[in-house]
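Novice: Mind looking over this structure? Questions follow.
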Amino acid sequence: MSPPFLPLLTLLLLSVLQLPSSTPAPTPTPTPTFPLSTSSRWIVDSSGRRVKLACANWAAHLEPAAAEGLGRQPLGAVSERVTSMGFNCVRLTWPLYLLTNASLASLTLRASLARLGLLESLAGVRVNNPDLLDLTLVKVFQAVVSNLASNNLMVILDNQITRPGWCCSKYDDNGFFGDEYFDPDEWLEGLTMMATMFKNSPNVVGMSLRNELRGPKQNVSLWYRYMQKGAEAVHFANPTLLIILSGLDYDKDLSFLHFKQVELSFTGKIVFELHWYGFSDGGDWQNGNPNDVCRMVLDTQMWKAVFLLDKGWPLFLSEFGVDQSGTNIADNHFLSCFISVAAELDFDWALWALQGSYYIREGQLAYDETYGVLSWDWCKARSTDFLQKIAALQSPFQGPGLSNNSAYNLIFHPLTGLCLMVQSPSKPLELGLCGESKAWNYTSEHKVVLKGTGYCLQAEDVGENAMLGSSCSESNSKWDMVSASKMHLSTKLPNNGSTVCLDINSDGTVVTNLCKCLSQDGTCSPESQWFKIITSTRDLGGQGSNIEFRFPRGQLTQFRLATVSKEENSLPKVGGKL
Ligand SMILES: *[C@@H]1O[C@H](CO)[C@@H](O)[C@H](O)[C@H]1NC(C)=O
Ligand SMILES: *[C@@H]1O[C@H](CO)[C@@H](O)[C@H](O)[C@H]1NC(C)=O
Ligand SMILES: *[C@@H]1O[C@H](CO)[C@@H](O)[C@H](O)[C@H]1NC(C)=O
Ligand SMILES: *[C@@H]1O[C@H](CO)[C@@H](O)[C@H](O)[C@H]1NC(C)=O
Ligand SMILES: *[C@@H]1O[C@H](CO)[C@@H](O)[C@H](O)[C@H]1NC(C)=O
């Protein structure tokens, strides 16, 4: 799969800075050997090595019943962009009628667009994907899957809805078994056809059986009855697939699994999926104090779904996303909290969404998807800041077969997606790419020690750079995780006992400032002071399993730090209220 930091290198360094041609390539992640299966909470390949799904959702379930964007860019260019942005997988959505309704399935893409009056899209497909125009919708779907596969991307097929259209409303009669457009037998038939169709496509690694179960008819006992039937049908048709089960209430609730497990004739293939958006998670991201809200929503998620990890099931965050304009303050708060949780729990995920725009959505032509990683015209990334934030999450921190390193800590900064870095003991600490970090150890005495050395993190003064020191017994070397979110790293200055928190400066260096927005105040943004101590066994610095303290560092490092500074300068835009 793609090297973890390719997006940064490509999008930022190569385009913004003139890198010398001798730049060493990042260590590539080994290609997984299919099929995938599960091993307790991990998804693993056939050699038992962890595979982390880092997917983008690509919609193909709206009225035209074709993958979005085919009028904007050639199919291959879209696949390549998915790879270059660091994703290793696509969750491709489909409407059940694509397979079960012959009058829809037999339409050509040309006819499907024409019947909806989408003449501009039709003209766009003629230019960008002429080969697809006169294929049937089923063949177009197959062409998309095979193009993704030829770009080494894994594919999860997601049955989003029955009748093509924007999903999901409580009253759209597509929400639960027995709804007008949700006949369980038709669904089983469609799932079987889909699973069979991709029997010989190893890159099709899993199927989400049904998206966001919901509505007035939802019922736990029917959930077990039909999800188990669906899982058996798919497994019978294609035993290589991971089978991904959605919860109730728009896939926000899997809490019924506290009380009863699924019963199936096979093991090692079941994954649960959860959706988590800032606008629907019950927290007040607009007006609440982000520390308090982050704690509250995480407690809710623990009960509703995250407990499954501890019970030995993989959890796939198959939809999360934000308005990528950076101007939605509630979404910005939510995103930092989400990223901190995603780093700590290291779960599999799929971003909503890949598409920068739709042929038509909810009646609006060429609808701009503000949650899309691609721009409206599908030509470039909508926000390189956003890509930097998720880059560290695109490869696994932990899991079977990844490395032989003993566990260490990273000091992760969710607002930027970067990690606490050391250049040399005498230089101020900075943020940098997590893959270039050093191994830290947050000890039981609350010291932040550079692993294998006598150096520890120390506060000097308010507004001053945080430093490495070697006499680690004073109060300014002891760091407590404070606030409800536990993401402020606070310490006491030695001269007068003033409390300060680790923070970042506009030049990308790490400083200590007075702690801010610890609780209550809902008008302030604490995220520059949010640091998450995470556990990792990932190889660092492209140096194999050698994670010793090494310096001086090479030229590349300076380029990367220059990039970081550039990113840091744009923080006020990203952070909203910083
Ligand atoms: C098949 O799909 C077409 C187009 O979406 C729709 O008009 C028709 O009602 C569907 N037929 C059945 C039997 O569901
Ligand atoms: C759920 O469905 C079962 C089986 O049809 C039914 O017996 C039960 O009453 C339903 N429960 C609720 C809460 O509707
Ligand atoms: C871990 O060490 C074993 C034994 O030396 C070796 O076979 C294996 O390939 C190593 N695993 C990784 C991921 O480096
Ligand atoms: C931190 O150091 C302690 C003491 O040496 C050790 O027991 C622990 O495993 C280390 N933890 C990490 C995450 O490095
Ligand atoms: C403590 O001392 C630092 C200087 O070392 C100063 O900036 C800070 O304001 C002092 N705090 C109090 C409460 O006096």
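The values are calculated or read from the model by the stated rules, or taken from the named source; none is laboratory data. Treat the numbers as computed from the prediction; the structure is a model and nothing was measured. In this analysis, Cβ positions are derived from the backbone assuming ideal geometry, glycine residues included, and neighbour counts consider all displayed protein chains.
Novice: Report, ordered by the first and then the second residue, all pairs with beta carbons closer than 6 Å, sequence separation of six or more or different chains, a first member in the stretch 85-98 that is in the same structural domain as GLU68 (by TED's automatic domain parsing) and over 14 Å from ILE244 (Cα atoms), and a second member that is within 16 Å of ligand 3 (Cβ to nearest atom) and modelled with pLDDT under 95.
Specialist: Every condition considered, the pairs that remain are ASN88/MET1.
Novice: Now, a different point. Would you mention how many residues in the stretch 365-379 are in contact (Cβ under 8 Å) with a residue 40 or more places away in the chain and either crowded, with 20+ Cβ neighbours inside 10 Å or part of a loop (DSSP other than H, G, I, E, B) (or both)?
Specialist: 9
Novice: So if I check each of GLY175, GLY247, GLY190, which one is within 18 Å of LEU99 (Cα to Cα), buried (at least 22 other Cβ atoms within 10 Å of the Cβ) and assigned by TED's automatic domain parsing to the domain that holds VAL155?
Specialist: Exactly one residue qualifies, and that residue is GLY190.
Novice: For the stretch 245-279, how many residues meet the condition of being within 22 Å of VAL293 (Cβ to Cβ), of a type in the set (A, V, I, L, M) and more than 17 Å from the chain's Cα centre (by Cα)?
Specialist: 1
Novice: Going through ALA67, ALA111 one at a time, which residue ends up being of a type outside the set (D, E, K, R) and free of Cβ contacts under 8 Å to residues at least 24 places away in the same chain?
Specialist: Sole residue among the options that is of a type outside the set (D, E, K, R) and free of Cβ contacts under 8 Å to residues at least 24 places away in the same chain: ALA111.
Novice: A follow-up question, please. Looking at the stretch 389-396, is at least one residue within 29 Å of SER536 (Cα to Cα) and either within 16 Å of ligand 5 (Cβ to nearest atom) or charged (D, E, K, R) (or both)?
Specialist: yes
Novice: Still on this model: Count, please, the residues in the stretch 309-364 that happen to be farther than 19 Å from ASP299 by Cβ, free of Cβ contacts under 8 Å to residues at least 40 places away in the same chain and outside any loop (DSSP other than H, G, I, E, B).
Specialist: Summing the residues that are farther than 19 Å from ASP299 by Cβ, free of Cβ contacts under 8 Å to residues at least 40 places away in the same chain and outside any loop (DSSP other than H, G, I, E, B) in the stretch 309-364 gives 1.
Novice: Something else now. Within the stretch 242-290, take every residue that is outside any strand (DSSP E or B) and hydroxyl-bearing (Ser, Thr, Tyr) and give me the one that is farthest from THR192 (Cα to Cα).
Specialist: SER280
Novice: Could you count how many residues in the stretch 185-212 are among the polar types (S, T, N, Q), more than 25 Å from ASP249 (Cα to Cα) and not in a helix (DSSP H, G or I)?
Specialist: 3
Novice: Out of GLU436, GLU430, report the one residue that is surrounded by 22 or more Cβ atoms within 10 Å (Cβ to Cβ), of a type in the set (D, E, K, R) and away from ligand 5 (no atom under 16 Å from the Cβ).
Specialist: The match here is GLU430.
Novice: Do we find a residue being in contact with a Ser or Thr (Cβ under 9 Å, 6 or more places away or on another chain), surrounded by 24 or more Cβ atoms within 10 Å (Cβ to Cβ) and not in a strand (DSSP E or B) anywhere in the stretch 399-413?
Specialist: Looking through the stretch 399-413, none of the residues is in contact with a Ser or Thr (Cβ under 9 Å, 6 or more places away or on another chain), surrounded by 24 or more Cβ atoms within 10 Å (Cβ to Cβ) and not in a strand (DSSP E or B).
Novice: Also: Does TRP313 fit the bill of being at pLDDT 95 or above, of a type outside the set (A, V, I, L, M) and in contact with an Asp or Glu (Cβ under 9 Å, 6 or more places away or on another chain)?
Specialist: Criteria not met by TRP313.
Novice: Have a look at GLY435, GLY454 and point out the one that is farther than 25 Å from GLU344 by Cβ, in contact (Cβ under 8 Å) with a residue 12 or more places away in the chain and either outside any loop (DSSP other than H, G, I, E, B) or within 16 Å of ligand 4 (Cβ to nearest atom) (or both).
Specialist: It is GLY454.
Novice: Kindly indicate whether GLU232 is among the charged types (D, E, K, R) and out of contact with any Ser or Thr (no Cβ under 9 Å at 6 or more places or on another chain).
Specialist: no
Novice: Can you tell me which residue among THR512, THR499 is in contact (Cβ under 8 Å) with a residue 40 or more places away in the chain and either more than 16 Å from ligand 2 (Cβ to nearest atom) or within 27 Å of ASP331 (Cβ to Cβ) (or both)?
Specialist: So the residue among THR512, THR499 that is in contact (Cβ under 8 Å) with a residue 40 or more places away in the chain and either more than 16 Å from ligand 2 (Cβ to nearest atom) or within 27 Å of ASP331 (Cβ to Cβ) (or both) is THR512.
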